[in-house]
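Step one of this worksheet: look at the structure below.
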Amino acid sequence: MGINIKKNDMVMVIAGKDKGKSGRVYRVMPSDEKVLVEKLNVIKRHTRPSATNRQGGIIEKEAPLQVSNVMVICGKCNKPTRVAHSFEGDKKVRVCKKCGSPMDKV
C-alpha cells in the first residue's frame, strides 16, 4: 500500500486527541505507515541527563500519527481531501478529489 502523503504537505487530523487540528508534515515513515506533524500529537518524555541533553528532565516532542488518521489539505480549495492520481504528460501527479487541481508542483 502506498502513502499519498509527502513531506511538507499540510494535513488535518481526523481522529484522536488532536482531531480537527492541522499542521505541516516534516517526516514520513512509509514502512510503519506513520507521519510526524509539527506541533501535533505532543507527548512528554522523561529523559536522563546525557551528553546531548545535559539538563535531562521532561521534554515535549511530537509522536508519530497513523497515516489513516490524517487527511491532506488541498492547496487550492483549503479543504481536507482524499487523493487521486493522474498523468500530466509522462509524469504521475496527485490530484485533489474535491476540486480536481493538481497537488504536486510540475
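The values are calculated or read from the model by the stated rules, or taken from the named source; none is laboratory data. Predicted, not measured: the structure shown is a model, and the values here were computed from it. All Cβ positions, glycine included, derive from the backbone under ideal geometry; neighbour counts span all protein chains shown.
If the condition is being over 21 Å from the mean Cα position of the chain (by Cα), assigned by TED's automatic domain parsing to the domain that holds G23, assigned to a loop (DSSP other than H, G, I, E, B) and not small (G, A, S), then the range 54-96 contributes R54, Q55.
Entry remark, the range 46-70: residues being over 17 Å from M29 (Cα atoms), touching a Gly at 6+ places or on another chain (Cβ under 8 Å) and surrounded by 11 or more Cβ atoms within 10 Å (Cβ to Cβ) number 1 in total.
Taking the range 37-53 as the range and being closer than 15 Å to V72 by Cβ and outside any loop (DSSP other than H, G, I, E, B) as the test, only V37 passes. For the range 1-26, filtered to residues that are in a loop (DSSP other than H, G, I, E, B) and among the hydrophobic types (A, V, I, L, M, F, W, C), the residue that is farthest from N69 (Cα to Cα) is M1. Somewhere in the range 11-18, is a residue surrounded by 12 or more Cβ atoms within 10 Å (Cβ to Cβ), at negative phi and acidic (D, E)? Yes: the range 11-18 contains one or more residues that are surrounded by 12 or more Cβ atoms within 10 Å (Cβ to Cβ), at negative phi and acidic (D, E).
Note on the range 31-61: residues that are among the charged types (D, E, K, R) and under 13 Å from G16 (Cβ atoms) total 1. Just one of the listed residues (E33, E88) is of a type in the set (D, E) and surrounded by 13 or more Cβ atoms within 10 Å (Cβ to Cβ), namely E33. Specify which of the listed residues (K105, K91, K98) is of a type in the set (D, E, K, R) and in contact with a Cys (Cβ under 8 Å, 6 or more places away or on another chain). One residue alone meets the criteria, K98.
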